[in-house]
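The values are calculated or read from the model by the stated rules, or taken from the named source; none is laboratory data. Quick caveat, the model's predicted, so the values are computed rather than measured. Don't worry about glycine lacking a Cβ; one is built from the backbone with ideal geometry, like all the others, and counts go over all protein chains shown.
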Amino acid sequence: MTDISIHLTESEYNLVRQHIENKGLTNSQYIKAMLLEEIEDEYDVSIINEYLEEKDSMELLLFEDAIKKWDIK
């Protein structure tokens, strides 16, 4: 496992520590969750941007037509 350290002023640390304690998490649990959420958010935005760039060339089907076209039962 790899460690990451960050430097905070005492007032920043107290604010962060209190916030994390209110969530009932450890520093490590909270920071890990926040980082992974940020990565997920950026990925979501990239998917939306890709859709917006390609939407005019996409074929959109009604649900009923998709069932018929893909032979879904």
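Scan the stretch 2-11 and give yes if some residue there is free of Cβ contacts under 8 Å to residues at least 24 places away in the same chain, surrounded by 10 or more Cβ atoms within 10 Å (Cβ to Cβ) and among the β-branched types (Val, Ile, Thr), otherwise no. No, every residue in the stretch 2-11 fails to be free of Cβ contacts under 8 Å to residues at least 24 places away in the same chain, surrounded by 10 or more Cβ atoms within 10 Å (Cβ to Cβ) and among the β-branched types (Val, Ile, Thr).
Each row is one residue, and each column tells you yes or no for (1) modelled with pLDDT of 95 or more; (2) of a type in the set (Asp, Glu).
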position	(1), (2)
MET1	no, no
LEU15	yes, no
GLU21	yes, yes
GLN29	yes, no
GLU38	yes, yes
ASP41	yes, yes
ASN49	yes, no
ASP65	no, yes
ILE72	no, no
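Answer yes or no: is there a residue in the stretch 22-31 that is within 15 Å of the chain's Cα centre (by Cα) and either surrounded by 10 or more Cβ atoms within 10 Å (Cβ to Cβ) or in contact (Cβ under 8 Å) with a residue 24 or more places away in the chain (or both). Yes, there is a match, as at least one residue in the stretch 22-31 is within 15 Å of the chain's Cα centre (by Cα) and either surrounded by 10 or more Cβ atoms within 10 Å (Cβ to Cβ) or in contact (Cβ under 8 Å) with a residue 24 or more places away in the chain (or both). Answer yes or no: is there a residue in the stretch 47-56 that is polar (S, T, N, Q), surrounded by 10 or more Cβ atoms within 10 Å (Cβ to Cβ) and closer than 30 Å to SER5 by Cβ. No; the residues of the stretch 47-56 include none that is polar (S, T, N, Q), surrounded by 10 or more Cβ atoms within 10 Å (Cβ to Cβ) and closer than 30 Å to SER5 by Cβ.
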